[in-house]
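The values are calculated or read from the model by the stated rules, or taken from the named source; none is laboratory data. None of these values were measured; they are calculated from a predicted model. Positions of Cβ are backbone-derived with ideal geometry, glycine not excepted, and every protein chain shown enters the neighbour counts.
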Amino acid sequence: MGIVVAKFGGTSLADATQFRKVKNILLADENRMYVVPSAPGRRDSDDVKVTDMLYSCHKLAQEQKLSEFEQVFQMLSERYLEIIEELELGLDFKPHLEQVHYSILHGASVDYAASRGEYLNGIILAAYLGWQFIDAAEVIFFDASGKFDSERTNEVLSARLAGTRYAVIPGFYGSNPDGSIKTFSRGGSDVTGAIVARAAGAELYENWTDVSGFLMADPRIVKRPKRIHVITYRELRELSYMGAGVLHEDAIFPVRMAGIPINIRNTNEPENAGTMIVRADESHVRGAITGIAGKKGFTAIAIEKNMMNSELGFGRRVLEALEECNVSFEHMPSGIDTMTVLVSDSNIAGRIDEVVEKIRRACKPDHIEVISGLSLVATVGRGMVRYPGTAARVFGALADSGINIRMIDQGSSEINIIAGVESADFERAVNAIYNAFMK
Ligand code: ADP
Ligand code: ASP
Ligand code: MG
């Protein structure tokens, strides 16, 4: 077996007990050479993630609410100090905490503040394991436009890893060309893990979390969904983009490029094989789907015009109107005389009227309607291309449950059927589809 990169999520490193489990997992296989930790997460459902505390601290410092700032900072310091004490590390952590405290109070950026969750946790984990600590700011880079610079990162990081066995690289952040800190979006330690796996030339990227793999549906919506044993990168990308929160949607790119499989595992149940995410897999069952995911918070702009299809440039004009308002779209199902553009609420907030007016002026439609309060439910499966009947089953299940389908889109990937439903029906829709395929 070659090199294994192991990323541990926030709940996996939430306290000293979890740290012990992580150490046991790492020491059980000498191929696990590089570890990417998240910041301490929730210990129970009422708890607060350290990253969230850091965002609060930054906000409170900006607003000069100093006593509240001190309170939250104290709480997050205790999270770390407790871990150090319980693990009997004898690590002098005060200077690190003081540095973070000082910087946040003296104008450090929000990204710097947020990134300290993993930075500090990485220092503790490295001390606990006796492994080297590599600051992600020295090896993960963003370019001047704020985009992740994969080439520079891969060059510097692979050189650094080639000379370093057994190291801890904190997740979630890297640095800008001027050396300042920049984070990925929330959940971004998954992305760091994938980047490290690629740079290390790993044979496997293990992503350790608090569920025993990728489940067929969000366990908060469907009761005890079945585990997915094997899933392809493409299916996973569709599911995670559509809200299956286990893995950050951008974590697939670096490993897919290098053909490194991802294994989702449970820190609290290490004997479970979890889910393997691979390039291709032929072993699917006829008529089966891989998983269901969905998101709330969409608005549809439905446009109708007779003979739309023969009007040259109609679609372009609609999309131009969106572009001029700086709104991107998620889906665009169309019929002969109709076209619907689906946008996320967060994207179009406060600009709906402007967009509609622009479309009206540019396209002169017969009718234009805004439908808000929509959710999207995606049913994903690599077997769909080959076997007929999946769509019928999805829509049949929704109809049998009395759920009104407001939009359908299959896209060109042919591994994903998307149904737009009213948000009040969202959870019922996911359950209806899940049950239809479990029979
Ligand atoms: P970590 O902190 O380890 O990165 P996350 O909270 O980001 O963990 O992701 C794991 C969580 O994702 C699970 O606890 C579960 O509630 C949620 N989740 C959403 N959809 C799914 C799914 N399809 N399969 C498994 N877990 C899911
Ligand atoms: N700690 C960061 C967050 O809460 C990154 C991560 O957990 O992956 O978003
Ligand atoms: Mg996560």
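Brief remarks on what is shown
- Picking from residues in the stretch 28-52 that are more than 12 Å from ligand 1 (Cβ to nearest atom), in contact (Cβ under 8 Å) with a residue 60 or more places away in the chain and not charged (D, E, K, R), the one that is surrounded by the fewest Cβ atoms within 10 Å (Cβ to Cβ) is Ala28.
- Failed criterion for Glu155 (all others in (1) of a type in the set (Asp, Glu); (2) in contact (Cβ under 8 Å) with a residue 40 or more places away in the chain; (3) out of contact with any His (no Cβ under 8 Å at 6 or more places or on another chain) hold): (2)
- Whether a residue is of a type in the set (A, V, I, L, M) and surrounded by fewer than 16 Cβ atoms within 10 Å (Cβ to Cβ) was assessed, and Ala392 passes this test.
- Of all the residues in the stretch 125-142, those that are without any contact (Cβ under 8 Å) to a residue 60 or more places away in the chain and within 22 Å of Glu82 (Cβ to Cβ) number 4.
- Subset tally (residues that are touching a helix residue (DSSP H, G or I) at 6+ places or on another chain (Cβ under 6 Å) and either aliphatic (A, V, I, L, M) or assigned to a helix (DSSP H, G or I) (or both)) for the stretch 40-54: 4
- Candidates Ala251, Ala194, Ala244 - the one that is touching an Asp or Glu at 6+ places or on another chain (Cβ under 9 Å), within 16 Å of ligand 3 (Cβ to nearest atom) and over 30 Å from Val156 (Cα atoms): Ala244
- Number of positions in the stretch 215-231 that are within 23 Å of Ile3 (Cβ to Cβ) and either near ligand 1 (Cβ under 7 Å from one of its atoms) or surrounded by fewer than 23 Cβ atoms within 10 Å (Cβ to Cβ) (or both): 1
- Residue in the stretch 278-293 that is assigned to a strand (DSSP E or B), modelled with pLDDT of 95 or more and surrounded by fewer than 21 Cβ atoms within 10 Å (Cβ to Cβ) present: no
- The stretch 256-276 - residue that is within 16 Å of ligand 2 (Cβ to nearest atom) and more than 14 Å from Arg227 (Cα to Cα) and, of those, surrounded by the most Cβ atoms within 10 Å (Cβ to Cβ): Ile262
- Test: residue in the stretch 107-118 that is surrounded by fewer than 15 Cβ atoms within 10 Å (Cβ to Cβ) and in contact (Cβ under 8 Å) with a residue 12 or more places away in the chain: no
- Scanning the stretch 295-305 for residues that are part of a loop (DSSP other than H, G, I, E, B) and over 21 Å from Gly245 (Cβ atoms) turns up at least one hit.
- Filtered residues of the stretch 306-327 (kept if under 29 Å from the mean Cα position of the chain (by Cα) and part of a loop (DSSP other than H, G, I, E, B)): Cys325, Asn326, Val327
- Arg20 meets each of the listed conditions (1) over 23 Å from Ala258 (Cβ atoms); (2) surrounded by fewer than 24 Cβ atoms within 10 Å (Cβ to Cβ); (3) touching a strand residue (DSSP E or B) at 6+ places or on another chain (Cβ under 8 Å) apart from (3).
- Among residues of the stretch 274-294, those that are more than 22 Å from Met242 (Cα to Cα) and among the small types (Gly, Ala, Ser), counted: 1
- Checked against (1) closer than 30 Å to Leu60 by Cβ; (2) within 16 Å of ligand 1 (Cβ to nearest atom); (3) of a type outside the set (A, V, I, L, M, F, W, C); (4) crowded, with 21+ Cβ neighbours inside 10 Å, Asp210 passes all but a single condition, namely (4).
- Evaluated against (1) in contact with a helix residue (DSSP H, G or I) (Cβ under 7 Å, 6 or more places away or on another chain); (2) closer than 26 Å to Ser423 by Cα; (3) within 16 Å of ligand 2 (Cβ to nearest atom), Gly243 falls short on exactly one condition, (1).
- Members of the stretch 1-39 that are within 16 Å of ligand 3 (Cβ to nearest atom) and in a helix (DSSP H, G or I): Thr11, Ser12, Leu13, Gln18, Val22
- Residue check for Leu76: under 22 Å from Thr192 (Cβ atoms), in contact (Cβ under 8 Å) with a residue 60 or more places away in the chain, out of contact with any Pro (no Cβ under 6 Å at 6 or more places or on another chain) and assigned to a helix (DSSP H, G or I): no
- Index of the failed condition, Ser212 passing every other in (1) within 16 Å of ligand 2 (Cβ to nearest atom); (2) touching a Ser or Thr at 6+ places or on another chain (Cβ under 9 Å); (3) not β-branched (Val, Ile, Thr): (1)
- Any hit, the stretch 80-91, residues being away from ligand 2 (no atom under 16 Å from the Cβ), part of a helix (DSSP H, G or I) and in contact with a Gly (Cβ under 9 Å, 6 or more places away or on another chain): yes
- Out of Ile123, Ile195, sole residue that is away from ligand 1 (no atom under 16 Å from the Cβ) and within 21 Å of Thr51 (Cβ to Cβ): Ile123
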